[in-house]
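To keep things clear, I will list the structure first and then write my remarks on it.
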Amino acid sequence: MSTPGIYRRIARRETHSPRSLLAIVLAVLLIVVIAWLGTEIVIALLGAPALLVAPVDTFTSAVNLVQAPAGIVAAAGIVAAVIGLVLIIAAIAPGRRARHLLQSERTVVVVDNEVIASALARHSSVAGSVDPDNASVSVSHRHAAVHLTPTSGIPVDRDAVTGEVARQLESYRLTPPVRARVRISENGRIGA
Amino acid sequence: MNSTNRAANRLLILLVGLLLLVVGAAAAAAVLIPVVRDGCKDATGQVTAQVSEWLQQTPLGDTGVSWILPALLVLAVLAVILLIVFIVRQGRGHTGIAVRESTSEHGATVVESAVAEQVLQDAIGGRPEFVASHVSTYRVKRTPVLKISVTCRRGVSPKDAAVIVEDAVRALDLLLGRQLPALVQISGGFRARITSTTRLQ
């Protein structure tokens, strides 16, 4: 296997969720249910009283489901169906992680969105000469929202901030590319 | 990076989801839709008779019990074993060997991955940009791949972080005389948030 092939595989796997947690939780639940059913079968074969429900009773009540109170059966059925639907969606959806690829020649570089956000916050606060605590940035798959709260009485140069943020994003060369939107509060904050 | 079988994960989730959806929808339909409800009522007696007939037709020796139940038991044990294997297989794929090469016909040269990991750790560990760093080696498609994960201090540019790590990797390339594929993972996280802002510009 060549290095580009390996790198493609790694990049794909690092930016998408493995769905391990959900799969492990489901597997554990399945093990519990199957182990319980198995125990009931053994107990029934030995002729001892059942733990919860004997296999024969499980079967008859499942077959006679229609005679059970309609409200409870319908509610339980709908809840089960909805959970099933959510699981199907989880199984099929891509499950992107909050990460970006940073272009590089020698290695594969994956960066958490929050690292990008925190770097943008620092650069925009310097460019807009506001306190770093008054700059907040959130980075999503394709957008970065920069929000600055100016110090009262000192206007913020929006173009300088926009330019600096764009320059930074360009230098990171992210995949997929991120576009920034700068928002500056109308009301300043005193003493910051 | 690890060898987790992601297709298997998704397949299990999909199967459980389909099972829940079908059983749940069938149960709801059986009590809510009158036509289905009557059909179910008619079928109840037949199904019960059919199953008890099966149980009587399949005696286990002369014990008087059907072998269907023990067979179900064996299936249950197999399913549990399969599921346990499935869980244990998650997140594997570490390797202890970075380079293995047959240098002569009398033997091979092996470079353990600890060499590469410690060289990189030494180069990166002391940098003020990083709060924490960790190097490990995985096998991807039968090739050893280095994974360098670093936790950045607040405000460090990811580009700078990547350049620092990449310089260290290139130095390792020179040392080993070959290029090992490498992944650099730059993360923030809780420790990055509570530490002081970087003073580097």
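So, of the residues in segment B:20-35 that are part of a helix (DSSP H, G or I) and more than 7 Å from chain A (Cβ to nearest Cβ), which turns out to be modelled with the highest pLDDT? Step by step, filter segment B:20-35, then rank; the result is B:Val22.
Whenever a residue of segment B:42-63 is more than 10 Å from every other protein chain (Cβ to nearest Cβ), its partners that are at pLDDT below 80, lying with C-beta atoms within less than 9 angstrom and at least six residues away or across chains, give the pairs B:Trp54/B:Ser66; B:Gln56/B:Ser66; B:Gln57/B:Ser66; B:Thr58/B:Ser66; B:Pro59/B:Val65; B:Pro59/B:Ser66.
The number of residues in segment B:36-68 being part of a strand (DSSP E or B) and of a type in the set (S, T, N, Q) comes to 1.
Does A:Ala81 count as under 29 Å from B:Pro34 (Cβ atoms) and either among the aliphatic types (A, V, I, L, M) or at the interface with chain B (Cβ under 7 Å from one of its Cβ atoms) (or both)? In short, yes. Would you check if there is a residue in segment B:130-151 being open to solvent by 10 Å² or more (accessible area, probe 1.4 Å), among the basic types (Lys, Arg), touching a strand residue (DSSP E or B) at 6+ places or on another chain (Cβ under 9 Å) and under 23 Å from A:His123 (Cβ atoms)? Looking for residues that are open to solvent by 10 Å² or more (accessible area, probe 1.4 Å), among the basic types (Lys, Arg), touching a strand residue (DSSP E or B) at 6+ places or on another chain (Cβ under 9 Å) and under 23 Å from A:His123 (Cβ atoms), one finds none in segment B:130-151, hence no. B:Arg154 satisfies every condition listed in (1) at positive phi; (2) surrounded by fewer than 23 Cβ atoms within 10 Å (Cβ to Cβ) except (1). Here is the figure for segment A:43-55: residues that are surrounded by 15 or more Cβ atoms within 10 Å (Cβ to Cβ) and either assigned to a helix (DSSP H, G or I) or at the interface with chain B (Cβ under 7 Å from one of its Cβ atoms) (or both) total 4.
In this structure, is A:Ala62 closer than 21 Å to B:Val16 by Cα and open to solvent by 50 Å² or more (accessible area, probe 1.4 Å)? Taking the combined requirement at face value, the residue satisfies it.
The number of residues in segment A:168-192 that are within 14 Å of chain B (Cβ to nearest Cβ) and out of contact with any helix residue (DSSP H, G or I) (no Cβ under 6 Å at 6 or more places or on another chain) comes to 5.
Yes/no matrix, rows are residues, columns are (1) touching a Gly at 6+ places or on another chain (Cβ under 9 Å); (2) of a type outside the set (Ser, Thr, Tyr):
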{"site": "B:Val119", "(1), (2)": "no, yes"}
{"site": "B:Gly125", "(1), (2)": "no, yes"}
{"site": "B:Ser133", "(1), (2)": "yes, no"}
{"site": "B:Cys152", "(1), (2)": "yes, yes"}
{"site": "B:Ala168", "(1), (2)": "no, yes"}
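Checking each residue in segment A:6-37 for being assigned to a loop (DSSP other than H, G, I, E, B) and open to solvent by 40 Å² or more (accessible area, probe 1.4 Å) picks out only A:Arg19. Being in contact (Cβ under 8 Å) with a residue 12 or more places away in the chain and not charged (D, E, K, R) is the filter here; which residues of segment A:60-97 pass it? Answer for segment A:60-97, where residues must be in contact (Cβ under 8 Å) with a residue 12 or more places away in the chain and not charged (D, E, K, R): A:Leu87, A:Ala90, A:Ala91, A:Pro94, A:Gly95.
Specify which of the listed residues (A:Thr151, A:Thr175, A:Thr107) is open to solvent by 40 Å² or more (accessible area, probe 1.4 Å) and among the β-branched types (Val, Ile, Thr). Talk me through it step by step, then tell me what you get.
Working: A:Thr151 fails: open to solvent by 40 Å² or more (accessible area, probe 1.4 Å); A:Thr107 fails: open to solvent by 40 Å² or more (accessible area, probe 1.4 Å).
After ruling out the rest, the residue left standing is A:Thr175.
Note on segment B:120-129: residues that are surrounded by fewer than 20 Cβ atoms within 10 Å (Cβ to Cβ), in a helix (DSSP H, G or I) and in contact with a strand residue (DSSP E or B) (Cβ under 9 Å, 6 or more places away or on another chain) total 2.
Screening B:Ala71 against (1) part of a helix (DSSP H, G or I); (2) open to solvent by 60 Å² or more (accessible area, probe 1.4 Å) leaves a single unmet condition, (2).
If we scan segment A:94-109, do we find a residue that is assigned to a helix (DSSP H, G or I) and either more than 23 Å from A:Leu21 (Cβ to Cβ) or within 8 Å of chain B (Cβ to nearest Cβ) (or both)? Please lay out each step first, then the result.
First, pick out the residues of segment A:94-109 that are assigned to a helix (DSSP H, G or I): none.
No, that holds for no residue.
Every residue, every condition in (1) surrounded by fewer than 23 Cβ atoms within 10 Å (Cβ to Cβ); (2) away from chain B (no Cβ under 11 Å), yes or no:
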{"residue": "A:Ile116", "(1), (2)": "no, no"}
{"residue": "A:His123", "(1), (2)": "yes, no"}
{"residue": "A:Val130", "(1), (2)": "no, yes"}
{"residue": "A:Ser140", "(1), (2)": "yes, yes"}
{"residue": "A:Ala145", "(1), (2)": "yes, yes"}
{"residue": "A:Thr162", "(1), (2)": "yes, yes"}
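Looking across segment B:77-99 at every residue that is in a strand (DSSP E or B) and touching an Asp or Glu at 6+ places or on another chain (Cβ under 8 Å), the one that is surrounded by the fewest Cβ atoms within 10 Å (Cβ to Cβ) is identified as B:Ile97.
Conditions tested, residue by residue: (1) under 39 Å from the mean Cα position of the chain (by Cα); (2) open to solvent by less than 40 Å² (accessible area, probe 1.4 Å); (3) not assigned by TED's automatic domain parsing to the domain that holds B:Ser149.
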{"residue": "B:Leu19", "(1), (2), (3)": "yes, no, yes"}
{"residue": "B:Val22", "(1), (2), (3)": "yes, no, yes"}
{"residue": "B:Ala26", "(1), (2), (3)": "yes, no, yes"}
{"residue": "B:Gly45", "(1), (2), (3)": "no, no, yes"}
{"residue": "B:Thr48", "(1), (2), (3)": "no, no, yes"}
{"residue": "B:Val51", "(1), (2), (3)": "no, yes, yes"}
{"residue": "B:Val65", "(1), (2), (3)": "no, no, yes"}
{"residue": "B:Leu75", "(1), (2), (3)": "yes, no, yes"}
{"residue": "B:Glu101", "(1), (2), (3)": "yes, no, no"}
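The values are calculated or read from the model by the stated rules, or taken from the named source; none is laboratory data. Since we're looking at a predicted model, the values are computed, not measured. Glycine also receives a Cβ, built like all others from the backbone with ideal geometry; neighbour counts cover every protein chain displayed. For accessibility, only protein heavy atoms count, side chains too; no ligands or nucleic acids. Shrake-Rupley method; radii C 1.70, N 1.55, O 1.52, S 1.80 Å.
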